[in-house]
1. Within the chain, count lysine pairs with alpha carbon atoms under 22 angstrom apart where the residues are 8 or more positions apart or belong to different chains.
2. Taking semi-axes √(5λ) of the Cα gyration tensor in Å straight from the coordinates, which label in (1) 31, 23, 17; (2) 29, 20, 18; (3) 36, 32, 13 is the correct one?
3. How large is the accessible surface per residue of region 80-193, computed with a 1.4 Å probe and reported in Å² as a whole number?
4. Which ³J(HN,Hα) values, rounded to whole Hz and listed in residue order, are derived for region 54-60 from phi using the Karplus coefficients 6.51, -1.76 and 1.60 in 6.51 cos²θ - 1.76 cosθ + 1.60 with θ = phi - 60°, glycine and proline given as x?
5. As a test of reading the structure, rank 71, 199 by solvent-accessible area (1.4 Å probe, protein chains only), most first.
6. Going through region 137-218, which trypsin sites (Lys or Arg not before Pro) have at most 11 other Cβ atoms within 10 Å and a DSSP loop state?
7. Tell me whether region 98-165 comes out rounded, prolate or oblate; compute the Cα gyration tensor, take square roots of the eigenvalues as a ≥ b ≥ c, and use a/c under 1.5 as the rounded threshold.
8. Please build a GNM for the chain, connecting alpha carbons under 10 Å apart, and tell me which residue among 70, 175, 163 fluctuates the most.
Amino acid sequence: KSSLKIAIAGLGVVGAEVARQVINRSDQLFLTAGVKIQVVAVSARNRSMDRGVNINSFDWHDDATKLAECDDVDVVVEMIGGSEGVALELVRAALASGKHVITANKAMIAHHGTELAQLAETNRVHLLFEAAVAGGIPAVRTLREGLAGNDITRVAGILNGTCNFILSTMEATGCDFDEALADAQRLGYAEAEPSFDVDGIDAAHKLTILAAIAFGHQ
């Protein structure tokens, strides 16, 4: 196969950057992968938003689940987020239709990973989610492949950058939690509504995935 055609669902910060990297580094990616990687279709909530990347040449779909029906798409990249709803519907449909799926959606994998992995295996396609947990390390492939022959007895690590920043700031400066959180929000490390991070939900999703891979249990 001389080319790999991808569809991107969700053009937020991460999704738009994926599109930008595929476009701007196409020659380098070809040398690395041995195939030409092309974005051919996209879906997002707002078509007119300036994302710093030209999406006019891509097929636009208001309904993200329609990406699973595109005959010219080999891989669906899901960047919508959320454990349920359109993200889950899209991934289920894409896998069922014989398309590979790449996702950064930790909530969806934490809640539905076993079901989706079985669906991928049944349809002989890949479900890849390295970006869902500590993607810059990486951790998922290390556990699944590099340490496959090891007897893992414990998983530990810093899994949430927002909390890491807040706790480090409190320790270093002696400030209280509210001050550190406000600083994190000002610097862009924390969302305006930070409960997903500071209540531990984000870390719980990541730990659920790592524990499932490390210990072989749902």
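The values are calculated or read from the model by the stated rules, or taken from the named source; none is laboratory data. What you are looking at is a predicted structure, and each value in this text was computed from that prediction instead of being measured. Note: ideal-geometry Cβ built from the backbone for every residue, glycine included; neighbour counts use all protein chains shown. Side chains included, ligands, DNA and RNA excluded: accessible areas come from the protein's heavy atoms. Shrake-Rupley method; radii C 1.70, N 1.55, O 1.52, S 1.80 Å.
1. Count of close lysine pairs: 8.
2. (1)
3. Ligands and nucleic acids excluded, the figure is 58 Å² per residue.
4. Once rounded to whole Hz, the list reads 7, 9, 5, 7, 9, 5, 9.
5. If we order 71, 199 from most to least accessible, we get 71, 199.
6. Within region 137-218, the qualifying trypsin sites (Lys or Arg not before Pro) (loop, at most 11 other Cβ atoms within 10 Å) are 154.
7. oblate
8. Of 70, 175, 163, the Gaussian network model singles out 175 as fluctuating most.
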